[in-house]
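The block underneath contains the structure these notes are about, expressed in structure tokens.
The values are calculated or read from the model by the stated rules, or taken from the named source; none is laboratory data. Predicted model, so just to flag it, every value in this text is computed and none were measured. All Cβ positions, glycine included, derive from the backbone under ideal geometry; neighbour counts span all protein chains shown. Areas reflect the complete protein model, heavy atoms only, side chains present, ligands, DNA and RNA absent. Shrake-Rupley method; radii C 1.70, N 1.55, O 1.52, S 1.80 Å.
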Amino acid sequence: MIRRVSQDQFTALCDKVIGDIKKENGKPIVIVIADEAGDIIHMTHMDGAPARSGVIASGKAYTAIRMGRTTTALGQFCQDSNTPLSAFVIPGMTTMPGGTPVYDKNGEIVGAVGVSGRSAAEDQEMADLCARFLSQY
């Protein structure tokens, strides 16, 4: 059985994150959720976020679930070990920061979140925040 972030969880996440961004008059983002199999099951694209951000955030979520680690950690591993991303032989992956696995309350992986639209560090920070929010369910 594939475990997933539910529609209700995703809606609550979007209400919280997008609400906070609007209050701060912050730069818009795209949030994508991939399920345990790497399929994209949820996406929200804030008004004003670059059109390319949906594809980028999708790649980040896909990579985080396939590798079971953040895209930042994967990028660091590739750099430290001098291993190109292509060595994993999994098309569609990226080392761009902004992808984070999502775990449930029991520590089981249920998907991954990808965020795009801001700087690399801000995307990763936001993805980590989203994953922590979702893990509370």
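Points worth noting:
- In terms of overall dimensions, the C-alpha atoms belonging to the stretch 21-63 reach 35, 19, 13 Å along their principal axes, ordered largest to smallest.
- Zone residues, the stretch 26-40, relative to ASP47, backbone N less than 18 Å from point 7 Å out along Cα-to-Cβ: 26-31
- Of the residues TYR62, TYR137, the one with the largest accessible area comes first in the ranking TYR137, TYR62, computed with a 1.4 Å probe on protein heavy atoms.
- Accessible area per residue in Å² at 1.4 Å probe, computed on the stretch 46-137: 49 Å²
- When the Cα positions of LEU129, PRO50, THR71 are compared along the charge dipole of the chain, PRO50 comes out farthest toward the positive end, with charges on each C-beta of Lys, Arg, Asp and Glu.
- Between ARG132 and LYS22, the simple spin-label model (points 7 angstrom out along Cα→Cβ) gives 2.4 nm.
- The length gained on full extension between CYS14 and ALA120, counted as 0.36 nm times the residue separation minus their Cα-Cα distance, comes to 36.2 nm.
- Dipole moment magnitude, nearest 20 debye, the chain about Cα centre, only Lys, Arg, Asp, Glu C-beta charged: 100 debye
- Top of ARG52, ARG118, ARG69 by mean-square fluctuation, Gaussian network on the chain, Cα under 10 Å: ARG52
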